[in-house]
Amino acid sequence: MSKQKKKVVIIGAGFGGLQVIKTLANQKEYEILVVDKKNHHLFQPLLYQVATAVLSPADIAIPTRSITTKYKNVKILFGDVSDINFQKKEIVFQNNTESYDYLIIATGAKTSYFGNAHWENKTLGLKNLRDALSIRRQILLSFEQAELIGDYEKSKSLMHYVIIGGGPTGVELAGSIAELSHNIIRKDFRNIDSGMTKVTLIEAGPRILNAFSESSSQFTKLKLESRGVEVLTNSPVLDITDSGVKLKDRFIESKTVIWAAGVEGSNLAKKLPLNKDKANKIIVDEYCRTLEYQDVFVIGDAANFSKGLTKPLPGVSPVAMQQGRYVGKFIQSQEKQKQMAPFQYFDKGNMATIGRTDAVAEFGIFKLKGILGWLGWLFVHLVYQVGFKNKVSTLLSWVWSYLTFRAGSRLIQEEVQDLSVRP
Ligand SMILES: Cc1cc2nc3c(=O)[nH]c(=O)nc-3n(C[C@H](O)[C@H](O)[C@H](O)COP(=O)(O)OP(=O)(O)OC[C@H]3O[C@@H](n4cnc5c(N)ncnc54)[C@H](O)[C@@H]3O)c2cc1C
């Protein structure tokens, strides 16, 4: 008698979910159902380049369905999972229920405002394509508005961009906005000099890029400053209003405030009756399983994996990918009644771009800075892009942008009557 297929349900086809899919793809013992509320896999590390008009959305996203075309045992459904019934072993989405033998929660994280929910409406976050396009629209519109006003003094707050959070995303955004305004679009305007644009990066802690070494952090600060970015450290934000950002000793007037300061577990994770940390990340054991259910796994940004560690694993794509592959193999070993060693993270290092030809990259004891760091960054971000077409189009967009100093995607889709630069 042939063994019954096991049904593996994966919620979320991001970095982690995709690796589970790939590990179990085309294995006849498994029926795989993937449910995602987006129809595409998104390469989040390059979102800031869409936000700053260097790349187009299609360069960094690919329909999940097209990635899995060749995987005959994989079914994709477009749905927002709203609940899980662990007793019945069912997930709930769009008035559907689906049962599972194994469940993988790979729902990622969402922007966190550290208890200041009202800041969400005053700032722009960067977590998905919609966010990136909102930032791009806001930046382009604010220049158009300033050009209409035609007076720098009166448009100061339009031409001052504030980024809160000095991690890699904040650094990359600050460097990229400075580059866009001080170089790329400078010759395009007549009434304003976009070179007078101010970019301020605010960090609450004593230094930016705190996951990097002191020397990389210091290098990045100096490089950003030389590119015209004001870097404020030890500067916790006290409030954000429609007119700008309040710090303990200063109020920065700005119409564009970008929030890159923190993340927390997804809405689904928040709701589930499972052990979680303060940031709503689900606590898992050394096999990436929930503490409550042995057939439910949580991977990537949705999980708090801290078993045997001094602090939880960071919310970066290598963690999600390695956990995804591990869980795929763990399920196989369970089915073969074999024992698997606990999950171990292999840290491949950190990297962040500062701007054109400048980045910091740390791989163990190797620290690359400047052009070498940038080349390393370029290589890694191209290799890890999902899909051959994306790799090629991203490379071509970069080469074009690099050679011509022109950004590829600066379209505002609305007509003027629909336009509103945030008041
Ligand atoms: C702007 C930015 C820049 C970054 N830069 C880097 C970097 O340079 N290097 C690096 O290593 N990491 C970087 N990261 C972090 C990295 O992207 C994450 O660590 C990684 O995406 C986590 O993978 P994941 O699979 O856990 O979640 P994700 O990749 O976020 O995927 C989660 C998936 O779950 C889906 N989902 C969520 N909730 C539901 C639900 N209820 N129902 C159905 N589907 C759902 C989502 O639609 C999504 O497809 C960056 C993140 C951001 C936001």
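The values are calculated or read from the model by the stated rules, or taken from the named source; none is laboratory data. Every value quoted in this text rests on a predicted model; they were computed, and no experiment measured them. Every residue, glycine as well, gets a Cβ built from its backbone with ideal geometry; the counts of neighbours run over all protein chains shown. We work out accessible area using only protein heavy atoms, side chains counted, and drop any ligands, DNA or RNA first. Shrake-Rupley method; radii C 1.70, N 1.55, O 1.52, S 1.80 Å.
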message = Check which residues have an amide H placed less than 5 Å from Val263's amide H, if you skip close sequence neighbours.
response = Ser112
task = Can you pull a Stokes-Einstein diffusion coefficient for the range 1-54 at 10 °C (1.306 mPa s), Rh from Kirkwood over Cα pairs, as a whole number of µm²/s?
result = 121
task = Report, to the nearest 10°, how far helix 388-404 tilts away from the longest principal axis of the Cα atoms in the chain, using its own Cα long axis and a range of 0 to 90°.
result = 10
task = Please compute the net charge surrounding Gly175, taking Lys and Arg as +1 and Asp and Glu as -1 over other residues with Cβ under 9 Å from its Cβ.
result = 0
message = On C-alpha positions alone, give me the angle between the axis of helix 317-335 and the longest principal axis of the chain, in degrees, nearest 10.
response = 10
query = Where does each of Ser215, Ser155, Ser397 land when they are ordered by accessible area, with a 1.4 Å probe and the largest first?
reply = Ser215, Ser397, Ser155
query = What is the distance in Å between the Cα centres of the range 218-246 and the range 270-288?
reply = 33
inquiry  = Taking every pair of distinct Cα atoms and averaging 1/r, then inverting, what Kirkwood hydrodynamic radius in Å comes out for the range 147-293?
reply    = 17.4
task = For the chain, just the Cα atoms, rotate onto the principal axes and tell me the three extents in Å, largest first.
result = 80, 45, 41
Computed helical MRE - 222 nm, the chain, DSSP H runs ≥ 4 contributing -39500 (n - 2.57), nearest 500 = -9000 deg cm²/dmol
inquiry  = On a 1.4 Å probe surface of the protein chains, which of Leu77, Leu180 comes out largest in accessible area, and what is the full order?
reply    = Leu77, Leu180
Computed magnitude of the charge dipole of the range 19-134 (debye, nearest 20; Cβ of K, R +1, Cβ of D, E -1) = 220
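Would you work out the Kirkwood radius for the range 43-149? I mean one over the mean of 1/r across all pairs of different Cα atoms, in Å.
Radius from the Kirkwood sum: 17.4 Å.
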query = For Ser243, what is the net charge nearby, where nearby means another residue's Cβ is under 9 Å from its Cβ and Lys, Arg count +1, Asp, Glu -1?
reply = -1
ask   = In vacuo Debye scattering of the range 210-268, one point per C-alpha: log10 I(q)/I(0) at q = 0.19, 0.21 Å⁻¹?
value = -0.93, -1.03
message = Can you tell me the orientation of helix 129-149 relative to the chain, as the angle in degrees between its alpha-carbon axis and the longest Cα principal axis, to the nearest 10?
response = 10
query = Which value in nm describes the separation of the simple spin-label points at Asp151 and Asp83, placed 7 Å from the Cα toward the beta carbon?
reply = 5.8
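Want the number for Lys271 to Val92: 0.36 nm per residue separation, take away the alpha-carbon distance, what's left?
Result: 63.2 nm gained on full extension.
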ask   = Gap in Å between the Cα centre of the range 117-171 and the Cα centre of the range 26-48?
value = 30
query = To the nearest 20 debye, what charge dipole does the chain have about its Cα centre, counting +1 at the Cβ of each Lys and Arg and -1 at the Cβ of each Asp and Glu?
reply = 1180
ask   = How much length, in nm to one decimal, is gained on full extension between Tyr293 and Thr241, taken as 0.36 nm per residue of separation minus their Cα-Cα distance?
value = 14.3 nm
task = State, in angstrom, two size descriptors of the range 122-224 derived from its alpha carbons: Rg to one decimal place and Dmax to the nearest whole number.
result = 14.7, 44
request  = Round to a whole angstrom and tell me the spacing of the C-alpha centers of the range 1-24 and the range 341-358.
outcome  = 26
message = If you take every residue apart from Lys127 with its C-beta less than 13 Å away from the C-beta of Lys127, what net charge results, scoring Lys and Arg +1 and Asp and Glu -1?
response = 0
note = With 0.36 nm assigned to each residue of separation and the Cα-Cα distance removed, Gln417 to Asp188 gains 80.2 nm
ask   = Protein chains only, probe 1.4 Å: how do His118, His160 rank by accessible area, largest first?
value = His118, His160
